[in-house]
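Only one structure is covered here, and it is reproduced in the block below.
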Amino acid sequence: MTQRLQPGTIAMLVAAPLLWAGNAVVGRALHALISPSALNFIRWLLAFALLLPLAWRVLRPGSTLWPHWRRYALLGLFGIGSYNALQYLALQTSTPLNVTLVGSGMPVWMLIVGALFFGVPATRRQVAGVLLSVAGVLLVLSRGSWQQLLALRLVPGDLYMVLATISWAFYSWLLVRTTEPRDLRGDWAAFLMAQMVFGLGWSGAFAGVEWSLGQAQAHWGWPLAAGLAFIAIGPAVLAYRFWGAGVQRAGPVIGGFFINLTPLFAAVLSAAFLGERPQLYHAAAFVLIVGGIVVSSRRA
């Protein structure tokens, strides 16, 4: 039997990695202009201001958000407070190649977290899909040369990215393993705001720790302002909207395979903005990644 993915679900699960690929490019470009936790906090502060006109009612004292605050505090911690702060922190000491390579383990962590903490065992098809999808990502990251992968050396930033990936796996499972309050169900702006109000608190706390350690910095100017505007609107508000709706329809394991499109999109963006011409291995990687998605979305 085939678990069919509807075109709308596919579009949402593709749009999120595309925007997150842009987030990685911009985050790397801004790493010398602003410290990672400050970048994450300001990003979500701007996103909060953008979303407030659409979802201010969820913050009222009588909102059903508050009786369910534990769920949204966890979603805010794993999906907003931790994941991007750890990713931006990883880019301080690790190369984009290593960070993306570590992040490509997302489907593996989706299966592990699902099996250990949510009682959902992995199927053989899902394991096969993991192998195909990760092989495609490795093909992109190695630029068609496996010797480049063998030459990689891990640094502290790689560990931060492992923690970020595990954090995102928990976030994705929590999206589908708990039930929304009635007045938040179907209202994407209210649902995201419910997460954001706690996530903003977590990211602010992390930024405060960064400041107390004397590591906070920001060099204001048009490059930083433009970068913040993009990551607040696209990767924050829009991508989280697409990802949340897509994962709730398709499940976190299938969503984890779509995330592996992120490095492929990053290669395309590099070709568009950095003048790097696409190579044959990009096409081969696309076939492997999509093959992993197709295999994992089928069940006996």
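Ranking VAL253, PRO223, GLY204 by how far each Cα lies toward the positive end of the dipole of the stretch 7-296 (charges on Cβ) leaves VAL253 at the top.
Which ordering of TRP202, TRP146, TRP222, TRP66 is given by a fewest-first count of other beta-carbon atoms within 10 Å? Spell out each step's value before the answer.
Numbers: TRP202 21, TRP146 11, TRP222 7, TRP66 14.
Listed from fewest to most nearby Cβ atoms, that is TRP222, TRP146, TRP66, TRP202.
For the stretch 243-265 and the stretch 66-84, what is the centre-to-centre distance using only Cα atoms, to the nearest Å? When both Cα centres are located, 19 Å separates them.
Based on the Stokes-Einstein relation at 20 °C and a viscosity of 1.002 mPa s, and on the Kirkwood radius from alpha carbon pairs, the stretch 7-115 is assigned a translational diffusion coefficient of 132 µm²/s. Per-residue ellipticity at 222 nm, computed for the chain from helices alone with -39500 (n - 2.57) per DSSP H run of at least four residues, works out to -23000 deg cm²/dmol. Taken one residue at a time, the phi angles of the stretch 56-63 give Karplus couplings (6.51, -1.76, 1.60, θ = phi - 60°) of 5, 5, 5, 8, 5, x, x, 5 Hz. Gly and Pro are set to x.
In Å³ and rounded to a whole number, note down the convex hull volume per residue for the Cα atoms of the chain. Intermediate values should be presented prior to the final figure.
Working: hull volume 41.2 nm³, N = 300.
That works out to 137 Å³ per residue.
With labels modelled as points extended 7 Å from the Cα through the Cβ direction, what inter-label distance (nm, one decimal) is found for LEU150 paired with TRP211? That separation, rounded to one decimal, is 5.0 nm.
Here, each number is a calculation from the coordinates, and none is a lab measurement. Given the structure is predicted, the values throughout are model-derived calculations rather than measurements. Positions of Cβ are backbone-derived with ideal geometry, glycine not excepted, and every protein chain shown enters the neighbour counts.
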